[in-house]
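For reference, the structure discussed in these notes is given below.
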Amino acid sequence: MSNQHAPTRWPGRPRPLSGESLSSWFARVAHANGLSPADLYSSILQGGRLNFIDLDRWCDPLVIQTLAERTHTPVDYVTQMGLSAYQGRVYERDDPNASLVWLPPIGGTKKKSFGQQACPLCLDQEKPYLRRTWRLSFVTACRTHGTHLIDRCESCGAPITPSKFKGAISFQGCVRCGSDLRRISVHTASETDLEIQRRLLDIASHGFGYLGTAGHVHSLAYFWILRRLFHLVVAGEYALPLRMHVLSKHDWDIAPSSIRRITVVDLLPPLQRTHAIRIADFLMSDWPHHFIEACDAVGLRKNRLIRDEKKTPFSFLRIVDDSLNHAMTKIAKDQVRAATAYMEKQGIDATPDALSAFMGNKLHTQRCLAPTKRKCLPYGTHRYWKLDGVSPETRAKVKKAAKLAGENVGSWVDRALREKLKVSAPTY
């Protein structure tokens with residue numbers, strides 16, 4: 001093995017399994033030869049370190065060539081086991097200095113990331129391995145078992161990291177605390193979410209998707225729009241209003257607050273991602289009518305939808321230019337003062353947010369005319385109000401459990417209570 005150019009095959013040569021990712025197969029090859037993935041990597045590349053390398057995203061050509069020769073596997077097949085198979089379909093090109101759309105980094109990077117997902121039921125099989133499609137963040141369910149995937153250990157919150165697997169059994173255990181990943185309880189995915197996922201995978205495979213009045217568009221444009229809507233549903237000031245607008249039209253078992261509002265959207269756990277993708281998918285259905293209706297309902301305009309026109313797909317830019325390019329109505333100071341006086345007469349605190357809602361517009365430069373918000377938040381509005389009256393020990397445990405699950409405390413408490421009482425989420 002020391003002579004990396006020798007044609008001698010390795011004793012352990014497990015064949016790549018159906019749909020297996022490169023990092024998963026690399027770990028299995030290492031284990032079959034009595035090595036850890038890190039040791040195998042450094043034996044191929046003298047002095048090479050696997051610590052912060054995502055093999056699925058980028059693998060040294062010498063490593064690819066050596067793997068192919070020593071396991072008697074075609075080079076082209078080994079190459080296609082990585083994420084490059086999605087280049088030109090899900091993402092345009094791989095920029096080493098930027099993250100890939102829908103393909104978050106794998107655990108083991110310098111920054112916390114949960115890019116590797118897994119199915120506990122699949123890990124419980126005779127030959128556990130990781131599928132390449134599980135790296136796509138819009139894939140949140142197992143196609144075999146119809147259950148939601150996991151992306152972290154529920155005991156310690158550690159990400160799933162193939163490069164740190166130390167043996168075949170480590171596919172089934174947490175690399176940090178050793179907890180059995182197969183024992184994590186999983187939720188059955190709805191047929192609606194499974195159908196959305198099947199359609200998105202077909203678009204990624206064929207390279208085009210149907211987008212209402214725009215007809216068939218390139219998959220890059222389709223996934224760009226889906227990503228933009230997904231981000232709007234998860235992050236920013238319009239996230240909650242958009243969710244409430246869409247959920248008011250359906251009887252889905254989703255509470256608006258159940259999706260954590262977060263800037264780095266790829267840190268969302270699979271179940272929350274599933275809900276956000278379903279809402280974003282609805283906004284893309286019957287394009288562009290549902291999208292325009294939702295934007296009008298919450299006051300979304302072009303200045304909040306378009307960041308760089310040169311990088312925006314025409315099928316999205318045209319709709320925004322034609323239907324959502326209205327200027328914000330200017331509000332005079334006298335109007336703000338009159339509205340403030342009226343609200344105070346009615347016994348309503350004329351705070352900036354309350355005035356914005358009352359007048360149907362953002363105050364922006366007129367915010368100084370509104371009274372300052374009270375310093376002490378009333379009951380039911382502070383961050384941890386759902387834990388009022390709970391003992392300090394229980395509060396600490398709830399906060400820790402919510403953090404490990406990647407959820408807000410409020411949504412975690414709400415979900416735990418609904419599961420205990422066996423009630424569905426309220427409809428809006």
Yes or no: Arg93 surrounded by fewer than 19 Cβ atoms within 10 Å (Cβ to Cβ) and touching a residue at least 60 places away in the same chain (Cβ under 8 Å)? no
Does His231 satisfy the criteria of being outside any loop (DSSP other than H, G, I, E, B) and under 17 Å from the mean Cα position of the chain (by Cα)? yes
Taking the stated definitions as given, is Trp10 closer than 19 Å to Ser170 by Cα, at pLDDT 95 or above and surrounded by 16 or more Cβ atoms within 10 Å (Cβ to Cβ)? no
Residue check for Arg318: loosely packed, with under 15 Cβ neighbours inside 10 Å and not assigned by the TED database to the domain that holds Ala214: no
Do we have Leu220 as among the aliphatic types (A, V, I, L, M), assigned to a helix (DSSP H, G or I) and touching a strand residue (DSSP E or B) at 6+ places or on another chain (Cβ under 8 Å) here? yes
Take the residues in the stretch 335-355 that are among the acidic types (Asp, Glu) and modelled with pLDDT of 80 or more, then tell me which one is surrounded by the fewest Cβ atoms within 10 Å (Cβ to Cβ). Glu344
Would you point out the residue of the stretch 255-279, among those that are of a type in the set (A, V, I, L, M) and in contact with a Gly (Cβ under 8 Å, 6 or more places away or on another chain), that is surrounded by the most Cβ atoms within 10 Å (Cβ to Cβ)? Leu268
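For (1) among the hydroxyl-bearing types (Ser, Thr, Tyr); (2) under 21 Å from Ser315 (Cβ atoms); (3) in contact (Cβ under 8 Å) with a residue 24 or more places away in the chain; (4) not assigned by the TED database to the domain that holds Gly299, each residue gets a yes or a no:
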| residue | (1), (2), (3), (4) |
| --- | --- |
| Asp193 | no, no, yes, no |
| Tyr210 | yes, yes, no, no |
| Ala221 | no, yes, yes, no |
| Leu226 | no, yes, yes, no |
| Val233 | no, yes, yes, no |
| Leu242 | no, yes, yes, no |
| Leu247 | no, no, yes, no |
| Ser258 | yes, no, yes, no |
| Leu267 | no, no, yes, no |
Count of the stretch 42-69 residues which are over 16 Å from Leu83 (Cβ atoms) and of a type in the set (D, E, K, R): 2
If I go through the stretch 370-412 residue by residue, how many of them are in contact with a Gly (Cβ under 6 Å, 6 or more places away or on another chain) and either at pLDDT 75 or above or over 26 Å from Arg152 (Cβ atoms) (or both)? 1
Assigned to a helix (DSSP H, G or I), of a type in the set (A, V, I, L, M) and farther than 18 Å from Phe230 by Cβ: does that describe Ala294? no
So Gly12 clears everything in (1) under 30 Å from Tyr222 (Cα atoms); (2) without any contact (Cβ under 8 Å) to a residue 40 or more places away in the chain except one condition, right? Which one? (1)
Taking the stretch 80-90 as the search range and keeping residues that are in contact with a helix residue (DSSP H, G or I) (Cβ under 8 Å, 6 or more places away or on another chain) and closer than 20 Å to Thr161 by Cα, which one is surrounded by the fewest Cβ atoms within 10 Å (Cβ to Cβ)? Gly82
Restricting the stretch 18-53 to residues that are over 30 Å from the mean Cα position of the chain (by Cα) and among the polar types (S, T, N, Q), which is surrounded by the most Cβ atoms within 10 Å (Cβ to Cβ)? Asn33
Please verify whether the stretch 180-189 includes one or more residues that are within 28 Å of Arg15 (Cβ to Cβ), surrounded by 22 or more Cβ atoms within 10 Å (Cβ to Cβ) and basic (Lys, Arg). no
In the stretch 195-208, which residues are of a type in the set (Lys, Arg) and free of Cβ contacts under 8 Å to residues at least 12 places away in the same chain? Arg199
Cys177 meets each of (1) touching a residue at least 24 places away in the same chain (Cβ under 8 Å); (2) part of a helix (DSSP H, G or I) with one exception, condition (2)
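The values are calculated or read from the model by the stated rules, or taken from the named source; none is laboratory data. Please read these numbers as outputs of a predicted model, since none were measured by experiment. Please note: Cβ atoms are built from the backbone with ideal geometry, for glycine as well, and neighbour counts cover all protein chains shown.
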